[in-house]
1. What ranking do 128-137, 144-153, 314-323, 49-58 get when scored by the average of other Cβ atoms within 10 Å per residue, highest first?
2. Report ³J(HN,Hα) in whole Hz for each residue of region 236-245, in order, from the Karplus equation J = 6.51 cos²θ - 1.76 cosθ + 1.60 where θ = phi - 60°; Gly and Pro get x.
3. Quick one: which of LYS108/LYS233; LYS128/LYS280; LYS128/LYS336; LYS200/LYS336; LYS128/LYS201; LYS128/LYS194 span more than 23 angstrom between C-alpha atoms?
4. Restricting to DSSP loop positions (anything but H, G, I, E, B) with no more than 15 other Cβ atoms inside 10 Å of their own Cβ, which trypsin sites (Lys or Arg not before Pro) remain in region 238-322?
5. Using the Karplus curve 6.51 cos²θ - 1.76 cosθ + 1.60 with θ = phi - 60°, work out ³J(HN,Hα) for each residue of region 128-145 in order, rounded to whole Hz, and write x for Gly and Pro.
6. Mind giving me the FRET efficiency for THR88 and ASP232? R0 is 30 Å, r the Cβ-Cβ distance, nearest 0.05 is fine.
7. Sort 103-116, 80-93 by packing, meaning the average of other beta carbons within 10 Å per residue, with the highest value first.
8. For the pair LEU197 and THR100, how long in nm is the line joining their label points, each one 7 Å along Cα→Cβ?
Amino acid sequence: MCMCYFPCSPGPCCLQLLPVNATSSNGGDRCSDFRGPLKPEITITYIAVSAIFFNSGLSLKTEELTSALMHVKLHLFVQIFTLVFFPTAIWLFLQLLSITPINEWLLKGLQTVGCMPPPVSSAVILTKAVGGNEAAAIFNSAFGSFLGIVITPLLLLLFLGSSSSVPFTSIFSQLFMTVVVPLIIGQIVRRYIKDWLERKKPPFGAISSCVLLMIIYTTFCDTFANPNIDLDKFSLIIIVFIIFSVQLSFMFLTFLFSTRNNSGFTPADTVAIIFCSTHKSLTLGIPMLKIVFAGYEHLSLISVPLLIYHPAQILLGSLLVPTIKSWMVSRQKALKLTRQPKAPVKV
């Protein structure tokens with residue numbers, strides 16, 4: 001089992017997280033009086049995810065969130081791409097890869113990535129960082145997560161086969177408490193401190209990014225401490241390459257579809273579509289895999305591609321933020337110029 005601990009002494013970043021293997025007794029004895037476990041099953045599953053959506057509720061204008069609910073075409077595009085096109089395309093691709101020497105359980109793990117719903121955090125944070133349609137990103141993240149509770153287990157059973165009783169009620173209630181309730185509370189609090197927020201402009205983006213980093217860290221801690229993981233370097237390197245290639249290809253594909261002249265999407269909508277359609281949920285995905293594939297000897301290997309995909313999507317998204325932002329701003333300016341009435345020609 002892996003534990004995550006606070007450092008013995010405060011560092012320059014106020015909070016530094018260091019992985020400590022619970023079986024390493026010497027290090028634990030030396031610092032036992034100064035550190036304590038982060039309890040990710042509580043701090044991450046409930047507090048961290050709730051903090052992200054409370055943060056979004058505080059920063060998002062109510063009218064923007066209301067208008068996003070009515071953008072049905074955008075929601076359909078994101079959900080169909082994520083839960084229909086994505087897993088089907090991955091399945092077809094894996095039929096070709098099945099004849100290669102790549103570890104078959106890692107390939108099955110790639111299929112599980114394709115079956116996952118949109119994330120409840122990273123797509124929202126990156127959309128906000130670019131300045132895209134954050135309200136649409138929030139709606140699709142929340143709605144896709146609820147939809148994924150039902151559809152993802154069915155997709156996993158369809159493409160990989162397994163049988164398990166999935167506790168839909170408990171997962172629904174957890175999502176409601178960690179996504180919907182914090183968002184509503186954030187919106188209510190915003191009404192009372194709206195003037196202060198507009199005057200002080202708190203760093204909402206930086207706060208969300210720090211929380212997301214904590215989520216990634218604790219997940220890696222828990223999984224790669226598993227002594228039963230047996231990875232060969234060749235398969236792992238190929239899987240990493242495939243993951244980045246798939247992400248880039250699908251981001252480009254969603255960009256092409258959403259920027260067509262008759263698409264009806266704004267540049268800000270396109271930003272939300274790119275991130276929401278191609279990102280996959282780790283916080284929902286790992287518990288879902290543990291439920292559907294309970295007792296599987298190779299569960300750890302199946303989980304590896306999702307564990308790589310999640311930080312990869314954030315890394316890739318973060319690197320592309322300046323480029324996408326530059327495109328969005330220039331595109332918005334160009335559209336604004338084309339909509340301005342032309343001055344009458346003097347004869």
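A short reminder: the numbers here are calculations on the coordinates, not readings from a lab. All of these numbers come straight from a predicted model, not from anything done at the bench. Here Cβ is always computed from backbone atoms with ideal geometry, including for glycine, and neighbour counts include all displayed protein chains.
1. Listed from highest to lowest mean packing, they are 128-137, 49-58, 144-153, 314-323.
2. 5, 5, 5, 5, 4, 4, 4, 4, 5, 5
3. Listed pairs above 23 Å: LYS200/LYS336.
4. In loop regions of region 238-322 (DSSP not H, G, I, E or B), the sparsely surrounded trypsin sites (Lys or Arg not before Pro) are ARG260.
5. Rounded to whole hertz, the list is 5, 4, 6, x, x, 7, 5, 4, 5, 5, 5, 4, 5, 5, 5, 5, x, 5.
6. Numbers: r = 28 Å, r/R0 = 0.94.
For THR88 and ASP232, the calculated efficiency is 0.60.
7. Ranking the peptides 103-116, 80-93 by packing returns 103-116, 80-93.
8. Each label point is offset 7 Å from its Cα along the Cβ direction, giving 4.6 nm.
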